[in-house]
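**Q** Sharing a structure, written as structure tokens. Questions coming.
The values are calculated or read from the model by the stated rules, or taken from the named source; none is laboratory data. A quick note: this is a predicted structure, and the numbers were derived from the prediction, not measured. With ideal geometry, Cβ positions are generated from the backbone for all residues, glycine too; neighbour counts draw on all protein chains shown. When the accessible area is computed, the model is the full protein with side chains, heavy atoms only, and any ligands, DNA or RNA have been set aside. Shrake-Rupley method; radii C 1.70, N 1.55, O 1.52, S 1.80 Å.
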Amino acid sequence: MTTTKRVGILISGRGSNMAALIAAASEPDFPAGIVCVVSNRADANGLKLAEQHGIPTRVVPHRDFAGREAHEKAIDAALAEFGVEIVCLAGYLRLFTESFVERWKGRMINIHPALLPSFKGLDTHAQALAAGVAIHGCTVHFVTAETDSGPIIAQAAVPVLHGDDEEALAARVLKAEHRLYPMALALLARGKVALRNGKAAFRPMPEADPGAVLVSPAFDPRHAEAEDIEHLARFTP
Ligand code: GRF
């Protein structure tokens, strides 16, 4: 019999990753169940989505509290009300105190829209475009005191395509996020990954295709059109 971990999701907005976790957890063999969704914003769109799926929601507005600690105490109370064992941050836009992070150490994970340790913080797709990388992606990691720096559980990569703007790139990464987050949560819920001595420890190491290579841009020189060759010739010193 599969034992099911009780998961609480913290959101601040759209909630598409939350929806991906809810969908995955509704599958019979998924090792986690979403027991509540907590938002610091009453207008978070994700709240409506959660309610449509019959998941209980709580709004804990940070503005109602004198400080970060008082706000976190109220969040902890909401999580305790539902017996939450694992916290998934899904677009939750508040920083935590060290004591909150310590309380949930090894039991709180986040999804970040970049291949960490590149492009921490906000506007990750703009950062990737500005840097001119050819491959971008997303990361699920344990939450530690330093933002976007916790041990990595899993990553997914996507190509950056010619002509991409922030919106196009964000949409491609978001699709990858929706695949990656449920997979990473399942690893944690099944006890296949744990936070040990500041590292993500796997038991056993999950399968990965050792031959898988994402090449970007994909260009086969044997198929170069005459005009491509002319174009290249013009730029060859
Ligand atoms: C996602 O891109 C996630 O990686 C980041 O915030 C965004 C939240 O989007 N942490 P959504 O609310 O899950 O749609």
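**Q** Between a first residue in the stretch 76-104 that is free of Cβ contacts under 8 Å to residues at least 60 places away in the same chain and a second residue that is within 16 Å of the ligand (Cβ to nearest atom) and open to solvent by 30 Å² or more (accessible area, probe 1.4 Å), which pairs have beta carbons less than 7 Å apart while being 6 or more apart in sequence or on different chains?
**A** Listed by first residue and then by second, the contacts come to Leu95/Thr147; Val101/Thr144.
**Q** Under the condition of being hydrophobic (A, V, I, L, M, F, W, C), closer than 17 Å to Gly198 by Cβ and in a loop (DSSP other than H, G, I, E, B), which residue from the stretch 122-151 is farthest from the ligand (Cβ to nearest atom)?
**A** My answer is Ala145.
**Q** Let me ask something additional. Could you please find all residues in the stretch 189-237 being aliphatic (A, V, I, L, M), modelled with pLDDT of 90 or more and outside any strand (DSSP E or B)? Talk me through it step by step, then tell me what you get.
**A** Here is the first cut: in the stretch 189-237, the residues aliphatic (A, V, I, L, M) are 189, 193-195, 200-201, 205, 208, 212-215, 218, 224, 226, 229, 232-233.
So of that shortlist, the ones also modelled with pLDDT of 90 or more come out as 189, 193-195, 200-201, 212-215.
Passing the criteria: Ala189, Ala212, Val213, Leu214, Val215.
**Q** For Cys138, which of the numbered conditions (1) within 11 Å of the chain's Cα centre (by Cα); (2) open to solvent by 60 Å² or more (accessible area, probe 1.4 Å) fails to hold?
**A** (2)
**Q** Name the strands (runs of 3 or more DSSP E) wholly within the stretch 1-74 that hold at least 3 residues that are at pLDDT 95 or above, within 16 Å of the ligand (Cβ to nearest atom) and not basic (Lys, Arg)? Please lay out each step first, then the result.
**A** Details: elements: 5-11, 32-39, 57-59.
Output list reads 5-11, 32-39.
**Q** Gly13: under 18 Å from the mean Cα position of the chain (by Cα), open to solvent by 10 Å² or more (accessible area, probe 1.4 Å) and over 24 Å from Val193 (Cβ atoms), yes or no? I'd like the intermediate steps shown before the answer.
**A** Working: under 18 Å from the mean Cα position of the chain (by Cα): yes; open to solvent by 10 Å² or more (accessible area, probe 1.4 Å): yes; over 24 Å from Val193 (Cβ atoms): yes.
It is true that Gly13 is under 18 Å from the mean Cα position of the chain (by Cα), open to solvent by 10 Å² or more (accessible area, probe 1.4 Å) and over 24 Å from Val193 (Cβ atoms).
**Q** Another question, then. In this structure, is Pro117 closer than 26 Å to Arg196 by Cα, surrounded by fewer than 19 Cβ atoms within 10 Å (Cβ to Cβ) and within 16 Å of the ligand (Cβ to nearest atom)?
**A** Details: closer than 26 Å to Arg196 by Cα: yes; surrounded by fewer than 19 Cβ atoms within 10 Å (Cβ to Cβ): yes; within 16 Å of the ligand (Cβ to nearest atom): yes.
Yes.
**Q** Could you list, in sequence order, all residues of the stretch 56-87 that are of a type in the set (Phe, Trp, Tyr) and within 23 Å of the chain's Cα centre (by Cα)? It would help to see each step written out before you state the result.
**A** Filtering the stretch 56-87 for residues of a type in the set (Phe, Trp, Tyr) gives 65, 82.
Of everything in the stretch 56-87, just one residue is of a type in the set (Phe, Trp, Tyr) and within 23 Å of the chain's Cα centre (by Cα), namely Phe82.
**Q** Only residues that are open to solvent by 40 Å² or more (accessible area, probe 1.4 Å) and part of a loop (DSSP other than H, G, I, E, B): list them for the stretch 152-179, please.
**A** Result: Leu161, His162, Gly163, Asp165.
**Q** Please go through the stretch 78-113 and pick out each residue that is of a type in the set (Gly, Ala, Ser) and either within 16 Å of the ligand (Cβ to nearest atom) or open to solvent by 60 Å² or more (accessible area, probe 1.4 Å) (or both). Quick ask: steps written out before the conclusion?
**A** Applying the first criterion (of a type in the set (Gly, Ala, Ser)) to the stretch 78-113 yields 78, 80, 83, 90-91, 99, 106.
The answer is Ala80, Ala90, Gly91.
Let's see how each residue does on (1) among the hydroxyl-bearing types (Ser, Thr, Tyr); (2) over 26 Å from Lys175 (Cα atoms):
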residue	(1), (2)
Asp43	no, no
Gln52	no, no
Glu85	no, yes
Gly91	no, no
Asn110	no, no
Thr144	yes, no
